[in-house]
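The values are calculated or read from the model by the stated rules, or taken from the named source; none is laboratory data. As the structure is a prediction and not an experimental result, all values here were calculated from the model. Quick reminder, even Gly has a Cβ in these numbers, built from the backbone with ideal geometry, and neighbours come from all protein chains shown. Accessible surface is based on the protein model in full, side chains and every heavy atom, while ligands, DNA and RNA are left aside. Shrake-Rupley method; radii C 1.70, N 1.55, O 1.52, S 1.80 Å.
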Amino acid sequence: MKAQEIRLKFNEFFKNKGHKKHQSSPLIPINDETLLFANAGMNQFKDYFTGNAKPENKRAVTIQKCVRAGGKHNDLENVGFTARHHTFFEMLGNFSFGDYFKEDAIKFAWEFLTKELKIPKEKLYVTVHYSDDEAEEIWNKKIGVDLSKIFRKGDKDNFWEMGEFGPCGPCSEIFYDHGEKFKTPNFTPGKDQDLLDDEQRYVEIWNLVFMQYEKTKDGQKPLPNPSIDTGMGLERVAAALQGKYWNYDTDCFTPIITEIEKVSNKKYQDSKYTTSMRVVADHIRSSTMLITDGVIPSNEGRGYVLRRIIRRAVRHLRELGAPSGSFFKLAPVVLKTLSEEYPQNIKNESMAIKFLQNEEEKFLETLDNGIKYLNEAIEKQKNNTLSGAIAFKLNDTYGFPLDLTEVILSERGLSLDQAGFDEAMAKQKETSKKSWKGGNVVDDSHFFKALESFGETKFLGYDSLSCESKLLKIIKGEESDILIFDKTPFYGESGGQAGDSGLVLDKKISVSIFDTQKPVEGLFAHYTKDSSSLKEGSTYKLEVHSKNRNRIAKNHSATHLLQAALIEVLGNHVKQAGSMVTSERLRFDFTHMKALTSEEIDKVETLVNQQIENANNVNANIMSMDQALESGAMALFGEKYGDNVRVLKMGEFSTELCGGTHVNNTSEIGLFTILSESSLATGVRRIEATTSESAYNILKSRSNILKKLELELSGKNEVIFEKISSLQNKIKSLEKENKALTDKLNSAESDSLFENVTKVKEYDFVVSTASEGSDLRKLSDLFVQKFPKGILAMSAPNKGKLSVIIRKSKNVSDVKCNEILKEAISEINGRGGGKPDMAQGSGDQGNDEKFFEKAKLALQKQLQG
């Protein structure tokens with residue numbers, strides 16, 4: 001049975017059991033900074049399990065894309081070497097939020113495996129928690145599994161916890177028997193291990209978690225509404241159904257491995273290449289899916305993990321003898337195998353190709369530099385053990401996996417200081433923890449309670465800027481109060497658009513709203529500095545600041561036109577990586593490898609203004625996600641959308657998913673101008689721009705500056721640039737002449753500057769005071785030309801301080817200028833530093849002579865030593 005058929009059967013089976021199908025959440029966890037990547041199906045349902053939110057349907061089914069390659073769940077180094085470790089995998093899950101419990105969860109799982117998938121019952125074994133008599137009885141008495149095939153396990157294997165506190169409970173795992181030939185050699189069940197501890201032969205394929213307790217600071221207590229969370233690994237089930245032991249031999253991977261064979265001209269069946277092909281096949285899946293979900297390769301956090309995955313794959317491709325530039329060519333086949341379940345990812349195919357190509361090129365350069373660095377380090381090695389710090393630098397800076405360093409060392413009869421490497425790695429992990437913002441979770445319980453008590457806020461702001469509304473709840477805060485109404489025209493900040501401001505009005509009351517947020521989905525929170533005049537249960541008029549809203553709408557609509565223009569000018573790899581829309585300006589972050597040229601910026605700006613001038617109607621329609629994608633609507637990567645979405649269309653130029661507020665016609669934007677284009681991160685650019693009145697004011701200001709220049713330079717705008725360029729060239733020429741004259745003058749005066757000479761051993765020691773603001777470094781250059789074996793101590797007043805320098809000629813080998821300065825500079829209460837051949841500093845004026853005397857004593861002391 002093919003993987004896609006398993007997915008379809010799973011979805012249909014649970015939909016027929018009353019479950020609502022939810023799309024996979026993105027690999028970047030939504031509103032959960034505690035997770036590096038989505039690593040389980042339950043991640044997106046956490047608020048349902050904790051009781052913070054209530055689902056529309058208490059039954060859910062998902063096929064979740066997951067990555068485990070960093071943090072607590074890190075399978076990276078095992079990938080390719082074991083049958084079932086992967087960085088990217090798919091988790092099939094069914095969930096109950098206080099609806100059915102153990103008996104139905106067990107019945108559903110057994111029915112799906114034995115009837116839908118037709119796995120022979122004799123191939124299946126189960127585990128339960130050692131304390132869970134109920135689960136064992138269900139398996140034995142109601143399902144009919146013999147007690148000899150039910151094993152009791154402890155907390156380590158069969159008790160699940162969401163975290164330190166929160167829902168938890170025992171679990172029951174279902175194992176598949178791959179058969180006698182895969183038995184671990186010399187494995188014998190006994191007192192400390194049972195049959196299922198032979199992990200080579202028996203493979204866990206489905207975990208049923210029974211969330212029946214809540215862990216608090218005071219201990220463990222029963223949950224009022226016990227829930228179910230299950231997870232079944234698609235790749236493992238596919239292996240069982242396709243008669244394969246290695247997951248890599250299933251159709252989840254074989255199309256990719258076939259492509260790897262083509263680019264490398266090697267055979268998967270050749271044992272010399274099998275492991276490397278498995279590594280590449282796994283890593284191209286995770287790399288492609290991470291990038292198309294919005295993770296950008298970088299040197300920290302998620303991006304750093306992605307970069308390590310890419311580099312490990314590229315290194316294995318190199319071992320396969322594949323030509324440079326092969327890795328990115330594998331991305332299309334990945335998306336082809338996964339696009340039916342994850343259609344949003346294939347929309348970002350061109351972006352994945354661009355980033356993978358760029359990362360591979362950069363790493364191959366780095367790899368060559370790394371080999372050069374390692375060779376140099378080995379040559380300098382005084383013993384047969386390479387320093388752990390050097391191995392870590394190879395890993396961290398050059399992307400060398402540790403095993404590659406060990407292979408090279410082994411070939412040369414050398415070993416590695418493993419303890420030193422581990423110590424350096426531990427320090428790096430500690431640094432990463434400080435840069436990672438995980439764990440700073442805001443307690444939104446009061447918002448969830450408001451949502452549960454009053455339901456969702458009805459948003460009227462697409463059609464109206466004012467309405468009568470009932471004040472349901474006032475939430476007091478330290479710096480501001482939060483107002484919850486039953487309906488509102490105020491837009492809550494989301495999708496990069498700033499929240500509305502405005503007024504709460506009554507006959508004698510006017511309360512200012514300075515911001516509107518959506519702290520939890522469906523609830524609008526209105527922020528005010530003082531709510532003392534308002535009463536819960538009363539009805540008030542809500543009025544949005546219309547001028548502010550209109551400016552925001554113009555900037556937001558211009559953002560859509562900007563993205564479409566960037567795609568037309570630069571290519572389909574351009575994807576939104578972030579945005580901010582306020583009443584003053586817009587900021588748009590997008591994927592692109594290099595800075596835009598001035599010509600490209602002009603093209604983009606012209607395109608946007610053409611669309612404004614075209615007066616395109618702006619239409620919004622609600623449709624299903626499938627219909628939206630078929631219509632060509634662009635979705636934000638890293639966003640999770642509901643079953644129905646709002647599609648915003650601007651003529652034939654732009655079609656996007658968007659819940660924001662916009663103009664009715666592009667002509668309302670008036671004018672668009674780009675303020676700046678800059679780098680945000682590797683592969684991510686930022687454009688700041690503005691529209692309408694703000695754009696006019698900026699262009700007017702520039703025009704006024706041009707008029708002043710025209711008057712000052714007595715010329716029209718077309719020749720102004722030439723005139724300024726000519727003046728700059730004249731200034732440069734005069735500066736050059738001035739420098740030449742200064743150098744000539746200094747050279748002429750140098751005889752008198754360097755006349756105070758005394759002998760210290762065989763060297764000429766010169767002390768000198770130069771004029772105010774003199775360039776001591778240049779004067780010292782003249783000194784070393786005149787004195788082949790000399791040491792100079794020189795000072796010069798400079799802006800109220802005294803600048804000093806100690807300099808020696810090349811032929812003076814046994815003198816260290818930095819140490820002389822260190823001893824002498826205390827005489828002028830100064831600070832400074834440098835190298836043995838030259839050191840500079842500054843301090844208080846008035847003690848030149850004491851500085852020179854101390855410098856001479858320090859010199860004599862060095863030469864005596």
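Restricting the count to DSSP beta bridges whose residues both fall in region 732-865, what percent are antiparallel, rounded to a multiple of 5?
Roughly 80 percent of the DSSP beta bridges within region 732-865 come out antiparallel.
Determine, at each q value in 0.11, 0.14, 0.16, 0.18 (inverse angstroms), the log₁₀ of I(q)/I(0) that the Debye formula gives when each Cα of region 289-375 is one equal point scatterer.
Debye curve over Cα of region 289-375, log10 I(q)/I(0) at q = 0.11, 0.14, 0.16, 0.18 Å⁻¹: -0.32, -0.51, -0.65, -0.80.
Run the accessible area of region 758-825 with a 1.4 Å probe and give the carbon-and-sulfur part as a rounded percent.
Ligands and nucleic acids excluded, carbon and sulfur give 47 percent.
Under 16 Å from the 7 Å Cα→Cβ point of Lys123, by amide nitrogen: which residues of region 188-202?
Flagged as within label range: 201-202.
State which entries of Lys15/Lys221; Lys808/Lys854; Lys575/Lys603 exceed 21 angstrom in Cα-Cα distance in the structure shown.
Beyond 21 Å: Lys15/Lys221.
Loop-only check: which chymotrypsin sites (Phe, Trp or Tyr not before Pro) in region 51-157 are DSSP coil with at most 16 other Cβ within 10 angstrom?
Answer in residue order: Phe81, Tyr130.
Give the cross-link partners of Lys427 among the lysines, using a straight C-alpha distance below 18 Å as the criterion and excluding same-chain residues fewer than 8 apart.
Lys427 reaches Lys72, Lys393, Lys437.
Using only the Cα atoms of region 715-862, what semi-axes does the equivalent ellipsoid have when each is the square root of 5 times a gyration tensor eigenvalue? Give whole Å, largest first.
They are 37, 17, 13 Å, listed from largest to smallest.
Filter Lys708/Lys730; Lys786/Lys835; Lys2/Lys54; Lys9/Lys121 down to the pairs with a C-alpha to C-alpha distance above 26 Å, please.
From Lys708/Lys730; Lys786/Lys835; Lys2/Lys54; Lys9/Lys121, over 26 Å: Lys2/Lys54.
Near Lys649, within a Cβ-to-Cβ distance under 14 Å, what is the net charge of the other residues, with Lys and Arg +1 and Asp and Glu -1?
Local net charge: -2.
Taking Cα atoms, how many degrees apart are the long axis of helix 254-264 and the longest axis of the chain, rounded to 10 and kept between 0 and 90?
Computed tilt is about 30 degrees.
Probe of 1.4 angstrom, ligands and nucleic acids ignored: what's the accessible area per residue over the chain, in square angstrom?
In whole numbers, the chain has 49 Å² accessible per residue.
What percentage of all Cα-Cα pairs in region 476-594 are separated by more than 22 Å?
The answer is 44 percent, as a whole percent.
Give the peptides 702-711, 51-60, 191-200, 816-825 in descending order of average Cβ contacts within 10 Å, highest first.
816-825, 51-60, 191-200, 702-711
If R₀ is 30 angstrom, what is the calculated FRET efficiency for the pair Ser771 and Lys716, using the beta carbon separation as r and rounding to 0.05?
Between Ser771 and Lys716 the formula returns 0.05.
Once you keep just the Cα pairs under 8 angstrom separated by 6 or more residues, what percentage relative contact order results for the chain?
Computed over the chain, the figure is 7 percent.
Each residue of region 577-583 in turn: what ³J(HN,Hα) in whole Hz from Karplus with 6.51, -1.76, 1.60 and θ = phi - 60°, glycine and Pro shown as x?
Running phi through 6.51 cos²θ - 1.76 cosθ + 1.60 with θ = phi - 60° gives 10, x, 7, 9, 10, 10, 6 Hz.
Would you mind calculating the gained length between Lys54 and Thr606 on full extension (0.36 nm times residue separation, minus the Cα-Cα distance), in nm to one decimal?
The span from Lys54 to Thr606 would gain 193.9 nm if fully extended.
For region 228-292 and region 795-865, write down the distance between their C-alpha centroids in whole Å.
Value for the Cα centre distance between the two parts: 67 Å.
Taking every pair of Cα atoms in region 525-681, average 1/r, invert it to obtain the Kirkwood radius, and report Rg/Rh to two decimals.
My calculation of the ratio gives 1.03.
Which chymotrypsin sites (Phe, Trp or Tyr not before Pro) from region 763-793 combine a DSSP loop assignment with at most 16 other Cβ atoms within 10 Å?
Sites meeting the loop and neighbour criteria: none at all.
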